[in-house]
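First comes the structure, then the notes that go with it.
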Amino acid sequence: MAASEHAPTLRVPIARHFAAFRPAVSSASVGEIAFIGGTGPEGLGLALRFAAAGERVVIGSRTADRASAVADQIRATVAGAEAHGCENLEAAARADRVFLTVPAAALPSFLSSARERLGGKLVVDVVVPVVLRGRVFEIAPLFGAGSAGELVQQAVPSARVVSAFKNLSAERLKDVGTPLEGDVVVCGNDPTARAEVARLVRTLPQLRAVEADGIVNARYLEAITALLLNLNRRYHAQTSIAVLGLP
Ligand SMILES: NC(=O)c1ccc[n+]([C@@H]2O[C@H](COP(=O)([O-])OP(=O)(O)OC[C@H]3O[C@@H](n4cnc5c(N)ncnc54)[C@H](OP(=O)(O)O)[C@@H]3O)[C@@H](O)[C@H]2O)c1
């Protein structure tokens, strides 16, 4: 199911829609951000948004050619974007900040092959282990871990794992000319890493970062995504979340 249900128009060549898009913000920062499985709609959408915010992005894939084609697409979409494509392991090795945007089922094998490359790095887990049962999206058990975020932290204890962006729809992310709305809840055991991801969130116009504490909160973020998918189906919409009542 899962991932393709998130975003049915996944492989649409977006460049032709957004060829004239120019980033509102252009403040290139140090270091690259890698997107493992960045050829899918969620990784691509995030990469487009961060490229538009002035970050240098690296698209990872199981196939270097596919990654390069998506990097070309990003450069064609966002004027001045710096984007490179390569195999997942190379992407994980060259970037200090690594976003995991693969299907949940692909996580264990990627983590076991990339453990050394991810050690000490900021690893942003976007994975939602969701399955469609009948007409209802549900969270699937994930290899004994309570959530994808916890699985990643357990697999690579030295990584600074933060779960975030799990409630943002790929369709909205890819619509790079339209500002996003709502909150991005970030959680992880390392407060510095959380703050770093919160800063990244704030580089995307109109998004607010909300810091939850430990990585255990990832399981609730993932459950919220299952709810949003059920709402999307019910209302033919692309929903996201906003938290009320914060100071
Ligand atoms: N789509 C959404 O709206 C959305 C929203 C929130 C969170 N998420 C989460 O973000 C992640 C990515 O979502 P997506 O919709 O972009 O997923 P996807 O299109 O199914 O997969 C992303 C990429 O992962 C690679 N991949 C697929 N199967 C694999 C396997 N068995 N082993 C290794 N790599 C594999 C593919 O890249 P290559 O073929 O190029 O290697 C694919 O392009 C998922 O965990 C999803 O739950 C998605």
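The values are calculated or read from the model by the stated rules, or taken from the named source; none is laboratory data. Computed from a prediction, not measured in an experiment: that's the story for all the values here. Using ideal geometry, Cβ is built from the backbone for each residue, glycine included, and neighbour counts are taken over all protein chains shown.
A search for C-beta distances below 6 Å between a residue of the range 98-117 that is modelled with pLDDT of 95 or more and any residue that is among the acidic types (Asp, Glu) and within 7 Å of the ligand (Cβ to nearest atom), counting only pairs 6+ apart in sequence or on different chains, returns THR101/GLU42. Being over 30 Å from GLU116 (Cβ atoms), at pLDDT 95 or above and not aromatic (Phe, Trp, Tyr) is true for just one of ALA20, ALA52. Which residue is that? Only one candidate qualifies: ALA52. Regarding VAL201, is this residue in contact (Cβ under 8 Å) with a residue 40 or more places away in the chain and either away from the ligand (no atom under 16 Å from the Cβ) or touching a Phe, Trp or Tyr at 6+ places or on another chain (Cβ under 9 Å) (or both)? So VAL201 does not fit the description; no. Looking at this structure, is LEU229 buried (at least 17 other Cβ atoms within 10 Å of the Cβ), part of a helix (DSSP H, G or I) and out of contact with any Ser or Thr (no Cβ under 8 Å at 6 or more places or on another chain)? Criteria met by LEU229.
Residues checked against (1) among the aromatic types (Phe, Trp, Tyr); (2) within 20 Å of PHE50 (Cα to Cα):
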position	(1), (2)
PHE143	yes, no
GLN154	no, no
PRO157	no, no
ASP183	no, yes
VAL186	no, yes
ARG202	no, yes
VAL210	no, yes
LEU228	no, no
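When VAL25 is tested against (1) aliphatic (A, V, I, L, M); (2) modelled with pLDDT under 95; (3) under 22 Å from LEU168 (Cβ atoms); (4) out of contact with any helix residue (DSSP H, G or I) (no Cβ under 8 Å at 6 or more places or on another chain), only condition (4) is not met. Of all residues in the range 105-146, those satisfying the criterion of being loosely packed, with under 15 Cβ neighbours inside 10 Å and more than 14 Å from the ligand (Cβ to nearest atom) are GLU116, GLY119, GLY120, ARG133, GLY134, ARG135, VAL136, PRO141, GLY144.
Is one or more of the residues making up the range 160-169 in a strand (DSSP E or B) and charged (D, E, K, R)?
yes
Among residues belonging to the range 123-135 that are assigned to a strand (DSSP E or B) and over 13 Å from the mean Cα position of the chain (by Cα), point out the one that is nearest to LEU107 (Cα to Cα). Write out each step before concluding.
If we filter the range 123-135 for residues that are assigned to a strand (DSSP E or B), which is where we start, we get 123-125, 130-133.
Then drop every residue that is not over 13 Å from the mean Cα position of the chain (by Cα), which leaves 130-133.
On the way: VAL130: 13, VAL131: 15, LEU132: 19, ARG133: 21 Å.
It comes out as VAL130.
Take ALA195 and tell me if it is of a type in the set (A, V, I, L, M, F, W, C) and within 12 Å of GLY149 (Cβ to Cβ).
Spelling it out, it is not the case that ALA195 is of a type in the set (A, V, I, L, M, F, W, C) and within 12 Å of GLY149 (Cβ to Cβ).
Taking first residues from the range 233-247 that are within 18 Å of VAL186 (Cα to Cα) and partners that are surrounded by 10 or more Cβ atoms within 10 Å (Cβ to Cβ) and acidic (Asp, Glu), the Cβ contacts under 9 Å between residues at least 6 apart in sequence or on separate chains come to SER240/GLU181; SER240/ASP183; ILE241/ASP183; ALA242/GLU181; ALA242/ASP183; VAL243/ASP183; LEU246/ASP183. Within the range 58-104, the set of residues being outside any helix (DSSP H, G or I), within 8 Å of the ligand (Cβ to nearest atom) and farther than 21 Å from LEU118 by Cβ is empty.
Exactly one residue among GLU222, GLU171, GLU196 is under 20 Å from THR101 (Cα atoms), buried (at least 23 other Cβ atoms within 10 Å of the Cβ) and of a type in the set (Asp, Glu), and that residue is GLU222. Restricting attention to the range 73-104, report how many residues are within 15 Å of the chain's Cα centre (by Cα) and polar (S, T, N, Q). Of the residues in the range 73-104, 2 are within 15 Å of the chain's Cα centre (by Cα) and polar (S, T, N, Q). Residues that are farther than 15 Å from ARG115 by Cβ, within 12 Å of the ligand (Cβ to nearest atom) and in contact (Cβ under 8 Å) with a residue 12 or more places away in the chain: does the range 151-162 have at least one? No, the range 151-162 has no match at all.
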